[in-house]
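We did not get these values from a lab; they are worked out from the coordinates using the rules stated. These numbers were taken from a predicted model, which means no experiment stands behind them. Cβ coordinates were reconstructed from backbone atoms using ideal geometry, including for glycine residues, and neighbour counts include every protein chain displayed.
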Amino acid sequence: MSRKRLTIALVVCMLLSSILLAACAKEEPSGSQETTQTGEPNESASNGGDSEASKGEAPEAKDPLGKYEEPITVTQVLGFAPPQDANTPKSTTPETNGYVTKLKEMLNIDLKYLWTVPTDQFAQKFSLSVASGELPDVMAVSQSEFEKFREDGLLADLTDAYRQYASPALKAYVEKDGGTALKMFTDADGKILGLPNYLDPYSSLQLLWIRTDWLEALNLEVPQTIEELEKVAEAFVNDDPDRNGKKDTYGITMNKALITWGFDARGPFYSMGAYPKAWVKGSDGTLVAGETQPETRKALEKLQTWYKKGILDKEFAFKDIDKVVEDVVAGKVGISFGEWWYPEWPLNLSKDGDPKAEWQAYPLPSFEGKQGIPLIPKMNVTKILVANKEMKNPEALVKMANFYEEISSPKYADENKPENGYVYNWFEPRFYNPTAIADTYKRVNEALTSKDESGLDPGDKPIYDGAVQYLAGDASKWGHYMSRVAENGGWGLTERMKAEPVVYNEFAGVPTPTQVEKGASLEKLTDETFLKIIVGSAPIAEFDKYVESWGKLGGNDITNEVNDWYAEQSKK
Ligand SMILES: [Ca+2]
């Protein structure tokens with residue numbers, strides 16, 4: 001599950017950063033397999049020059065950026081790629097990174113790399129370090145690594161360090177969700193063992209995207225129910241919505257990976273109250289695997305009829321996402337379930353090919369009188385910052401994170417530049433605003449209404465400027481405007497959906513032992529069975545046999561393990 005979420009975040013950021021956006025441009029998959037989205041911090045901590053006060057017993061606030069009187073050394077390891085920004089001086093190395101030299105100047109911390117390797121060698125090198133017990137002081141780790149380190153007792157207690165030293169800017173990010181994520185990395189005694197970075201869980205919310213120009217061409221209304229959607233989709237197949245005299249369009253996109261990061265079956269399933277490959281709360285309060293529930297059976301039955309009617313592409317079971325995107329861009333399809341960022345890619349390309357193409361987002365339709373409720377992850381953790389328990393100054397981890405936020409603030413905008421040798425993604429710890437997209441959406445809309453730009457953060461500016469250009473008639477900014485700014489656009493609707501019910505994927509733990517052992521073969525069984533049912537090569541009754549096999553082949557054990565984890569969480 002976490003890999004899936006990671007892929008989504010990675011892809012979104014790849015897409016977005018290729019499209020101009022500063023708010024997502026600072027993104028990098030590092031050796032520690034994390035992916036982050038960034039926003040600009042909007043608070044900055046005071047830069048005091050106080051010397052380190054003596055360690056009091058009671059947690060009392062200390063200067064977040066207090067300079068050590070004597071230099072201290074903090075060790076790290078790094079998997080790195082060449083700087084993304086072409087303006088970075090060629091001579092810049094991880095050791096001469098502007099962040100590293102500035103850290104020394106401001107805090108008197110010497111950052112030493114035990115080793116640095118190209119990103120693709122990081123995982124192997126890091127597991128060797130783990131095996132040999134030669135861990136650095138500060139590490140950015142995955143959830144699985146965190147669990148292993150915690151079980152092995154390798155992690156420093158960060159409670160006092162965080163409570164005493166975290167700057168308001170850092171706290172605002174780490175605890176933006178009210179402390180839920182932080183609690184996941186706090187042990188049973190209340191000791192904070194890791195500081196999480198995470199994304200807004202709503203960033204994967206499913207919406208219904210429809211070509212409203214096709215609706216208008218055929219004199220159809222926006223569908224509110226699955227039944228109406230089916231009628232619209234049939235008309236898109238049979239009634240020549242593009243008016244070229246050929247039967248060359250189909251209704252709804254889907255690709256061979258049914259549950260993935262785009263152009264897939266999540267939207268139709270969720271609309272019908274089915275949540276395959278998610279752990280949702282069952283009627284007795286325990287967690288159940290969505291793929292084995294009666295709602296999923298019913299949804300598969302419906303998808304089977306859609307396939308038969310030609311609403312789904314006859315070739316979808318052979319198509320990956322790229323192929324489906326080609327259909328969208330070529331104007332062959334008018335309905336696609338998906339996320340807020342579709343206008344930025346690839347709907348913008350569909351519009352480039354056909355300026356009349358109008359894509360609009362709507363909430364999930366209802367099914368049999370019940371409103372479709374989208375699924376979102378309970379938690380979307382991208383990486384966890386931890387300290388080795390041997391580390392002499394664990395508070396330095398927190399102070400370094402404070403430093404990153406400080407240096408990212410507008411105050412340092414002239415100094416903190418690639419041409420000055422600052423390579424942000426070689427530096428850890430970096431924490432980002434989990435609600436950067438939502439915050440930018442809000443500020444940009446306020447500025448558009450008031451015509452006053454003074455409330456904008458530096459990262460908002462390109463989005464604001466693009467919106468102004470779009471509103472003045474520059475159609476090339478449509479994708480950008482419809483994704484991030486328009487009230488009826490992708491994020492605008494996502495933001496409104498925050499007031500509506502959601503279903504949570506409740507399991508946010510590391511893979512359970514049986515999942516590790518049998519999860520992949522169970523996923524394969526699920527994928528193959530569902531595809532066979534949808535394309536009609538197996539009858540719906542196959543589902544009942546599947547549910548039985550799924551349980552026997554490890555699913556029942558996994559369900560127990562997942563519920564053990566769940567019971568554990570509720571005790572915290
Ligand atoms: Ca046609």
Taking a ≥ b ≥ c as the square roots of the eigenvalues of the Cα gyration tensor of the range 68-208, is the shape rounded (a/c under 1.5), prolate (a/b larger than b/c) or oblate?
-> rounded
Candidate cut points under GluC sites (Glu not before Pro) in the range 79-166, DSSP loop plus at most 14 other Cβ atoms within 10 Å of their own Cβ, are E95, E134
From the backbone phi of the range 255-260, what are the Karplus-calculated ³J(HN,Hα) couplings (6.51 cos²θ - 1.76 cosθ + 1.60, θ = phi - 60°) in whole Hz, Gly and Pro given as x?
-> 10, 5, 8, 5, 10, 8
Between S132 and D322, what is the FRET efficiency for a Förster distance of 35 Å, r being their Cβ-Cβ separation, to the nearest 0.05?
-> 0.25
Distant-in-sequence amide H partners of V117 (H built 1.01 Å from N, under 5 Å) | L78, G79, F80
Of A438, F263, F530, farthest towards positive along the dipole that unit charges on Lys, Arg, Asp, Glu beta carbons give the chain = F530
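Compute the Kirkwood hydrodynamic radius of the range 436-497, taking the inverse of the mean of 1/r over all pairs of distinct Cα atoms, and give it in Å to one decimal. The partial results should precede the final answer.
Values: mean 1/r = 0.0882 Å⁻¹.
About 11.3 Å, per the Kirkwood formula over Cα pairs.
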Under a plain spin-label model, where a point goes 7 Å from the Cα along Cα-to-Cβ, how far apart in nm are S283 and K176?
-> 3.9 nm
Greater than 30 Å apart at Cα, pairs in K62/K461; K62/K411; K256/K351; K247/K545; K308/K332; K277/K302 | K62/K461; K247/K545
Show the residues, 5+ positions off or on another chain, whose built amide H is closer than 5 Å to the amide H of T75.
-> K112, D137, V138
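So, R0 is 25 Å and r is the distance between the beta-carbons of A86 and D465; what FRET efficiency does that work out to, to 0.05? Write out the running numbers ahead of the final one.
On the way: r = 22 Å, r/R0 = 0.88.
For R0 = 25 Å, the calculated efficiency reads 0.70.
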Find how much the distance from E315 to A123 grows on full extension, using 0.36 nm per residue of separation minus their present alpha carbon separation; answer in nm with one decimal.
-> 65.4 nm
Stokes-Einstein translational diffusion, the chain - Kirkwood Rh over all Cα pairs, 1.567 mPa s, 4 °C, in µm²/s | 51 µm²/s
Too long at a 18 Å Cα-Cα cut-off: which of K148/K378; K451/K498; K67/K104; K281/K378?
-> K148/K378; K451/K498
CD proxy at 222 nm, helix term only [per DSSP H run n ≥ 4: -39500 (n - 2.57); per residue of the chain; nearest 500] | -12000 deg cm²/dmol
Other-chain or far-sequence residues with amide H under 5 Å of N505's (modelled H) = I376, K378
Approximate spin-label separation D354-E216, in nm, with each point projected 7 Å along Cα-to-Cβ | 1.4 nm
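With r defined as the distance between the Cβ atoms of K231 and D452 and R0 fixed at 45 Å, what FRET efficiency is calculated, to the nearest 0.05?
Numbers: r = 46 Å, r/R0 = 1.03.
So, using R0 = 45 Å, E works out to roughly 0.45.
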Label point 7 Å out from E415 along Cα-to-Cβ: which residues of the range 57-97 have amide N under 16 Å?
-> 65-68, 97
If you place +1 on the Cβ of every Lys and Arg and -1 on the Cβ of every Asp and Glu, how big does the dipole about the Cα centre of the chain come out, in debye to the nearest 20?
-> 840 debye
Sort out for me the Cα centre separation of the range 223-270 from the range 356-382, rounded to whole Å.
-> 15 Å
